[in-house]
Amino acid sequence: MAVSPLALDPMSPLIPSTPRDPDGRYRYRHYIDGVSCDPESGAWFETSDPVTGENWAHVPRGSVADVERAVKAAHTAFSGGPWPALSASERGALMRRLGDLIAENAPWLARVEMRDNGKLMAELSMQMRYMANYYYYYGGLADKIEGTVIPTDKPGVFNYTRPEPIGVVACIMPWNSPLPLTSLKLAPALAAGCTVVLKPSEFTSASLLEFVKLVEAAGFPKGVVNVVAGYGAEVGDALVSHPLVERIAFTGGPEAGRMIAEKAARHMKRVTLELGGKSPNIIFDDADLDQAIKGAVAGIFAASGQTCVAGSRLLVQESIHDEVVERLKAFIADVRFGHPADPATQIAPISTRPQLDKIKSYVAIAQAEGARLVAGGEPASVEGYPNGLFYKPTIFVDVQNSMRIAQEEVFGPVLSIIRFTDEDDAVRIANDTRFGLAAGIWTQSMRRALTMANRVRAGTVWVNNYRSTSTTSPFGGFRMSGVGREGGIAGIREYMETKSVWISTATDIPNPFIRR
């Protein structure tokens with residue numbers, strides 16, 4: 001049954017409304033140097049609702065000229081004026097104020113994000129409320145990043161280090177979780193004292209263009225946070241190659257990440273890249289199967305599989321393989337499709353049509369390679385939403401780890417089940433991938449849990465749970481899953497440089513031609 005349009009209205013009385021065009025669609029604008037502004041080209045493009053297929057908003061199509069304005073504004077704000085004059089404690093106070101505004105407006109932010117990418121309101125509501133914690137945590141951390149006094153082996157000099165902000169940061173966002181993943185980058189960058197240009201995905205720009213209103217309401221000086229919407233080839237490339245941008249923070253696919261890294265290297269820019277994975281979720285025969293089945297479902301079918309940490313390879317010990325397969329099939333047999341605003345909905349739509357097409361192509365590839373389809377494998381027809389981008393939870397068995405379906409990221413509700421014999425075999429299969437973002441281990445043996453956590457090559461390892469995260473903990477990958485860490489104290493270090501200062505206490509320099 002269709003949900004009332006009132007539940008979909010993303011506007012909140014707490015924040016000035018985004019204007020509508022005569023056709024009823026919202027019209028968004030860039031946010032540059034503290035002002036909402038039209039794109040230099042005068043061009044907009046449409047964004048659509050993945051549930052209904054409706055084009056509901058116009059998004060500005062950014063260009064090199066817009067990037068130039070935004071980067072110059074960020075550089076000016078970093079180089080002088082009120083932002084660098086603030087103490088770290090004052091920056092932290094601004095960030096905590098932003099956190100309060102996020103908490104106050106979490107339902108509104110969730111509605112906008114749901115309209116744009118179709119994610120379940122039940123999950124978005126939790127994510128938006130939790131998002132305030134990023135600004136509370138890093139706001140509190142802002143004045144606690146200390147330098148050190150170094151006891152050098154050189155007499156007559158005093159040496160200390162000081163952490164300093166790296167400069168202008170370009171943050172390039174994906175479409176699957178725009179605001180939470182923005183916060184993973186924006187909060188530590190602001191706490192470090194950087195200024196930022198944000199580039200949302202062209203598929204999900206609205207929530208970030210609404211969110212920046214809260215940044216303005218919190219009182220951040222103009223130019224500190226800027227948003228330029230548009231396409232990757234036009235806005236993203238211009239940001240990556242701009243000489244005044246010092247760091248690129250990107251979340252997305254490995255191919256785009258590789259191109260960003262190559263372009264950034266030409267200018268010696270720092271990068272933080274979170275590039276997805278092909279994460280193993282490993283079930284041993286001593287696991288609590290009731291919980292392990294839930295963990296397998298959460299790992300791949302939550303968010304319709306559109307998560308970077310998706311446990312898309314389910315490694316199951318041979319003795320319990322058939323039981324696990326049957327229990328998984330039974331668990332997903334009656335899943336509820338529907339509008340993401342409906343609390344009863346369990347499976348929301350795929351966020352974009354290109355992604356739906358990609359999922360279909362990988363299902364065909366898997367069947368051609370010899371994997372056996374035992375559930376799903378086709379789009380779902382949902383009453384009331386004939387144009388919705390829904391896809392059934394899909395399970396393949398008889399999967400060999402060398403198959404493309406086991407080696408390449410699908411980013412959808414497609415699970416590959418792979419048999420293993422013992423711990424050594426599980427480790428071999430788990431690590432036989434170019435990725436290394438996350439892994440899950442299901443066992444009741446403490447020895448096995450610790451041993452496997454050490455042996456599996458992944459940036460995050462969950463034992464008897466899956467998808468747990470916290471702003472206090474570092475997150476990132478090994479291998480092709482990325483470079484750098486987000487979250488925790490490690491997250492703020494990515495946006496800082498270390499300066500070493502040497503002060504002479506000697507009364508005379510004995511020989512200026514010889515390095516001391």
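A compact table of results
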| item | result |
| --- | --- |
| Label point distance in nm, Asp21-Glu383, each placed 7 Å from Cα along Cα→Cβ | 3.5 nm |
| DSSP bridge pairs, the range 280-463: antiparallel proportion in percent, nearest 5 | 15 percent |
| Antiparallel bridge percentage (DSSP; both residues within the chain; nearest 5) | 40 percent |
| Lysine pairs meeting the criterion (Cα under 27 Å, 8 or more apart or interchain), as found in the range 29-275 | 23 |
| Value at 222 nm in deg cm²/dmol, rounded to 500, when DSSP H runs of n ≥ 4 in the chain each add -39,500 (n - 2.57) | -11000 deg cm²/dmol |
| Loop-resident sites, the range 113-196, for GluC sites (Glu not before Pro), counting at most 14 other Cβ within 10 Å (DSSP) | Glu146 |
| Lysine pair number, Cα distance threshold 15 Å (strictly under), the range 280-463, separation 8 or more or different chains | 4 |
| For the chain, the fraction of alpha-carbon pairs in successive 10 Å shells from zero, as % | 4, 18, 27, 25, 16, 7, 2, 1, 0 |
| Charge dipole (debye, nearest 20) of the chain; +1 at Cβ of Lys and Arg, -1 at Cβ of Asp and Glu | 1240 debye |
| Charge dipole (debye, nearest 20) of the range 280-463; +1 at Cβ of Lys and Arg, -1 at Cβ of Asp and Glu | 540 debye |
| Relative contact order (percent, whole number), the chain, Cα cutoff 8 Å, 6+ residue spacing | 18 percent |
| Folded to 0 to 90 degrees: helix 178-192 orientation relative to the chain principal axis, Cα | 20 degrees |
| Neighbour cut-off at most 16 other Cβ (10 Å), DSSP loop, trypsin sites (Lys or Arg not before Pro), the range 79-183 | Lys144 |
| Distance between the range 307-380 and the range 253-272 - C-alpha centres, whole angstrom | 32 Å |
| Relative contact order computed over the range 256-387 (Cα-Cα under 8 Å; 6+ residues apart), in percent | 19 percent |
| Translational diffusion of the range 53-135, µm² s⁻¹ [Kirkwood Rh, Cα pairs; Stokes-Einstein; 10 °C; 1.306 mPa s] | 101 µm²/s |
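Only the coordinates and a few stated rules stand behind these numbers; no lab work does. Source: prediction; values computed, not measured. Quick reminder, even Gly has a Cβ in these numbers, built from the backbone with ideal geometry, and neighbours come from all protein chains shown.
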